[in-house]
Amino acid sequence: CLIDMDELASMRADKEQTFSQKVQNSENEKVKNALLRLQAFKTDCLFLGAKQALEKLFFEKEYYIYLKSQIGENAVAETQSLLGTIAGFENDKDVPGLLTYLKSPISFSNASGQNAVTISTIHASKGLEYPIVFLIGTGKGMIRNDTESFKLDSEFGLGTMVYDQDEWAKWASLKLVAARTKSVAKERVGELMVLYVALTRAKSHLVITGSLSGKEIDSDVKKNFNEFGSFLSLILSTNPEKAGAKVVQVEEIESLPPKPTKIETKLNATKLKDKVFKYLNFVYPYLADTKTKQKTSVTELNHSGETFAFSGSDQFVQEGNAYHEALKILDFSRANSVEEIISQLNNSKIDENYLKILDFSLLLEDINLIKPFLANKTQIKKEWQFTMRLPLNEGARMVQGTVDLFLKGGKNILIDYKYTREKNMDVLLKRYQKQLELYKKAVEESENIVVDEVYLISLKNKKIIKY
């Protein structure tokens, strides 16, 4: 049971009590359950330690599955790295001490003693000094523009985009342009303060590295601060040679072979030899997957020689794409009339040609077929893309596809849209049986859940059928 932002906002709006008091005294069942879970986690930290408490929480909430499916493998690796860092703390049952340790610039390094290298962000190094500092990556871009569609500024008021529905055009109002310019200038000042911190950390030597394009190197010195594209171009514009700095420009960097290094180890010769051979003879455990054939779409597997459902004129294909795109964009809870649908789509980035194709009354009827399934859902996924390895008669193959709509919570429901001239729903269901089965399998494997119901909607015919 998740607490949505509207519920939290209403609690914060109560001025008679602080937000903390409001939460503690709340009669909302969701808030009560959240507090109970928080108390259980605090107890686990006290008796198990932070690392085991987090591992237990991640397992119970299927956090790794969520990270892998929604963000990627890197997020899983970073989370596991954090747990490894926590394990390096002498007593992870001391949560305040652990938090202080994690905030320190040395918590994510294995260096110790005087002869060590500290790797830190600029923000984390504030207030600290080192004999020698290397400031790297200064050729990366600085903030140059603001693309927000609206801004509220104390000086200029509310700046918004201007929409011309007759000409199908939009542009930033003068207020929005002014607010954007002011915001970028403020961000630039913040970046300059960060650069100042970085340049003042060294006691003796400061080495600055970065890469610039030939165009940036050869350009004249810029006068306007807002025109600089990186810290490095800004630094070079100040003529650092006049201040005694040495500037070295390297066209190409040669990779040098590593020098042989003597390694001291406590292992005896036999054990060391076995360990080295183990590494040298390592066999990648997923070698079979590297030989898997190129990706195949679920649609290809479903039809196996049949023509795709959108076969026919290009216009019919465009119509199908238009309805799929509109259903992906629309917030179903705010699509209660044709006027609301038009308003949402006009304020979106949908292709203008699609708007000319869509029958908004038909779109409303299709949405009304979906709405009964939305109650008590904790998660709604639209256009959910997946790739999975599928064993076939001719060998394994990577299969990719897109699930139109997946509703999680209570009963887990999968809904697939089809835009077709076929009016017989039984014929449609038979035609797409294999495709629906593959979608169901993909969702169940990725989310580690059971899909309870699967439905097919014929968008053109305003009909829905259960598989």
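Given the Cα-Cα distance of Ser333 and Glu445 and 0.36 nm per residue of separation, how much length would full extension add, in nm?
Here the answer is 37.4 nm.
For the stretch 146-182, which chymotrypsin sites (Phe, Trp or Tyr not before Pro) pass both filters: DSSP loop (anything but H, G, I, E, B) and at most 13 other C-beta atoms within 10 Å?
The qualifying sites are Trp168.
What FRET efficiency, computed as 1/(1 + (r/R0)^6) with R0 = 41 Å and r the Cβ-Cβ distance, is obtained for Leu46 and Ala375, rounded to the nearest 0.05?
That gives a FRET efficiency of 0.55.
From the cross-link list Lys356/Lys441; Lys434/Lys463; Lys22/Lys328; Lys151/Lys186; Lys56/Lys371, which pairs have alpha carbons spaced over 25 Å apart?
Lys356/Lys441; Lys22/Lys328; Lys56/Lys371
Testing the spin-label approximation: label points 7 Å from Cα along Cα→Cβ at Ser348 and Leu280. State their distance in nm.
6.0 nm
Taking the Cα-to-Cβ direction at Glu187 and at Thr209 and moving 7 Å from each Cα, how far apart do the two end points lie in nm?
Using points 7 Å along Cα→Cβ, the separation is 2.8 nm.
Between Lys30 and Lys411, what is the label-point separation in nm under the 7 Å Cα-to-beta-carbon projection?
2.3 nm
Could you list which residues have their amide H under 5 Å from that of Tyr455, counting only those 5 or more apart in sequence or on another chain, with H placed in the peptide plane?
Residues meeting the amide H criterion: Leu414, Ile415, Asp416, Tyr467.
Read-outs: derived from the displayed coordinates by stated rules, not from any lab. Remember, predicted model here, so these are calculated numbers, not experimental data. Neighbour counts are summed over all protein chains in view; Cβ atoms, including those assigned to glycine, are modelled from backbone coordinates with ideal geometry.
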